[in-house]
Amino acid sequence: MALTGFFLVSFLIFHLTVNLFLFEGTGGDFSKFGAFLGSFPAIRPIEWILFGGFILHFCLGAYVWLKNRRARPHGYGVKGTSKTIKLSSRLSIYTGLAILAFLAWHLLQFFVASRFSGSTVNMYELVAREFSLLYVVALYELFFVILGFHLKHGFQALFQSLGLRTARYRGFIDAVGVVIWLLIPAGFASIPLVMYFGGAR
């Protein structure tokens, strides 16, 4: 879980870096990069590795959740989890399922639409068209809040699982965690808002 999670966070950083080129206004570099990713042969195995990373992370998460449920099939008589377990941790299985559902929709919107349309697609125009719809923007903003919750739990759990979140490094890890679970979703969330309200329609 920790290693696949770290791999997926690395992808999120890369994905956000590419998406920030949308702020150019015309999407020139963004569209060129999208065309490159769609035509460069070496990208295909990387896509399969990335897809496998998502599936493995989800399967491992479901396995851990089921294992914990079987270890204690009946709940505690007194609920004290709000004091001992953070909200992001208790919601991790549900935020994970929400992210999985969103990814399926996101891939249909952009990956399938650009890769299997049978014609050359201008990625900037495709993104601008989708983000001209208020309900799409609203759903994306909701998703990025959910992603932030999932990353908050996952980033801390990553170092906890690897035995690195000791008292000596906890402060530093938590500070870096803010960048991961707050700034990355905020960076993604800014794109639909700017494109919708900034006239990219």
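Each value in this text was obtained by applying a stated rule to the coordinates, not by laboratory testing. Because the structure is predicted, anything quoted here is derived from the model rather than measured. FYI the Cβ positions are ideal-geometry reconstructions off the backbone, even for glycines, and counts take in every protein chain you see.
The label point for Ala42 and the one for Phe172, both projected 7 Å from the Cα toward the Cβ, are 3.2 nm apart. The largest-to-smallest principal axis extents of the Cα set in the range 114-201 are 53, 30, 17 Å. With 10 Å bins beginning at zero, the pair-distance distribution over Cα atoms of the chain amounts to 7, 30, 33, 20, 8, 2, 0 %. Using the rule -39500 (n - 2.57) for each DSSP H run of four or more residues, divided by the residues of the chain, the 222 nm mean residue ellipticity is -22500 deg cm²/dmol. Peptide packing: for 110-116, 97-103, 143-149, the average count of neighbouring Cβ atoms within 10 Å per residue gives the ranking 143-149, 97-103, 110-116, highest mean first.
Lys-Lys pairs in the chain that are eight or more residues apart or on separate chains and whose Cα atoms lie under 27 Å of each other come to 7.
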